[in-house]
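Only one structure is covered here, and it is reproduced in the block below.
Each reported figure results from applying straightforward, stated rules to the coordinates on display, with no laboratory input. These figures come from a predicted structure and were not determined experimentally. With ideal geometry, Cβ positions are generated from the backbone for all residues, glycine too; neighbour counts draw on all protein chains shown.
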Amino acid sequence: MARIHRPQPTALVCGISGQDGAYLAAHLLEQGYRVVGTSRDPATCDRRGLAALGLERRVTIKALDPADLAATVALLEAVRPDELYNLSGQSSIALSFEQPAATFQSIAGVTVNLLEAVRVTRLPTRLFIAGSTAMFGDNGGEPVDESTPLRPSDPYALAKAAAFAQVDHYRRLHGLWACTGILSNHESPLRAERFVTQKIAAAACRIAAGDSQPLALGDLSVERDWGWAPEYVVAMHAMLQTESPEDLVLATGVSVALETFVAEAFARVGLDWRRHVVCDERFLRRHEVRRLRADPGRAAESLGWRAETTIGEVARKMVEARLFRDQAPVRRAA
């Protein structure tokens, strides 16, 4: 499929108000793009992430319910994007057990609508769909890559696996230029409060400030591949610049226990985490994947991309950002 050649390319970002959407918007603006985001209600859209990066007035946000195919087609015809990034959808594994149907619709349902809208409009738009290494489930601790069989073990992973299959289907049968970025965990100060990494950073700062309430967590021995979100959006963009679409694992290639992230976060504020963290059975998951490790070798070969930020740096940066944010009201009041 031929590219659209414009002096200023246009990118449409579904999920622009989230962590990845905000960082991607920043990267695309640096590359000279016109950036359009979507929200069900632009008037009430949470723009804190965009505002934190100074982008609130530099992007346009259009109204869209991505579950509405007709509305999606109309928006594509109006915006005519060169690139479309789908970073939207319910992203909590824990919540996916409580709301499996809503989770599936927000991920798999929206993905097929976007694919179908591009097919119907016949626009030469290139699509990036955010996948997840969670799709691989329990692989016995062996590194997962693009050829690893999918074994989703929770509703969130199942929805991502369905979306992944839809991308492959539309690419093969309809010739769409579409690919899936199979993302490992990636964090930043823009992470929502419900994510465990943000919960840890907040607790470290809170306890360092004198609060005696301990941090309650689940199993600290689970291992994940944690990266730095601003680096991952660079790879997302790079995936749409290649000659042909290719699904790629985006990861650091290094897995560490949750305990390591906790230790690094608390060390940043001069605390021994073992004095302030307790295990709470409420946060233990019955079908928890014990160790998830990814092999990003193909991304390095195809894109020349490598994740550079270590888990320790990720934890420290999140804590430092939290300290700065918590001190800001005090500075303003002074």
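Key figures
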quantity	calculated
Amide H contacts of Phe195 (H built 1.01 Å from N, under 5 Å, at least 5 apart or other chain)	none
Sequence-distant residues sharing a close amide H with Leu183 (under 5 Å, placed H)	Gly131, Ser132, Thr133, Leu250
Sum of side-chain charges, Val144 neighbourhood, beta-carbon under 9 Å (Lys, Arg +1; Asp, Glu -1)	-3
Charged-residue dipole, Cβ positions (Lys, Arg, Asp, Glu), the chain about Cα centre, Debye nearest 20	840 debye
Under 30 Å from Lys62, Cα to Cα: lysines that are on another chain or at least 8 residues apart	Lys160
Phi-based couplings in Hz for region 260-273 (Karplus 6.51, -1.76, 1.60; Gly and Pro marked x)	5, 4, 4, 4, 5, 5, 6, 5, 4, 9, x, 10, 8, 4
In sequence order, calculated HN-Hα J values of region 90-101 (Karplus, 6.51, -1.76, 1.60; Hz; x Gly/Pro)	5, 10, 9, 5, 4, 5, 5, 5, 7, 10, x, 5
Ranked Lys199, Lys62, criterion: other C-beta atoms within 10 Å, fewest first	Lys62, Lys199
Relative contact order of the chain, pairs being alpha-carbon contacts under 8 Å that are 6 or more residues apart, as %	17 percent
C-alpha center-to-center spacing [region 14-51, region 76-115] in angstrom	15 Å
Spin-label pair Thr121/Ser147, simplified geometry with 7 Å Cα→Cβ offset, distance in nm	3.7 nm
Helix-only [θ]222 nm of the chain, DSSP H runs n ≥ 4, -39500 (n - 2.57) each, per residue, nearest 500	-12500 deg cm²/dmol
Karplus-derived HN-Hα couplings along region 75-85 (A = 6.51, B = -1.76, C = 1.60, θ = phi - 60°), whole Hz, x at Gly and Pro	5, 4, 5, 6, 8, 6, x, 6, 9, 10, 10
Candidate aspartates and glutamates for bridging to Lys199, where Cα separation is under 16 Å - those fewer than 8 sequence places away on the same chain excluded	Glu187, Asp211, Asp219, Glu259, Glu264, Asp280, Glu320, Asp326
Estimated FRET transfer efficiency when R0 is 35 angstrom, pair Ala51-Gln8 (beta carbons, to 0.05)	0.90
Burial ranking of peptide ranges 249-260, 93-104 (average Cβ count within 10 Å, highest at the top)	249-260, 93-104
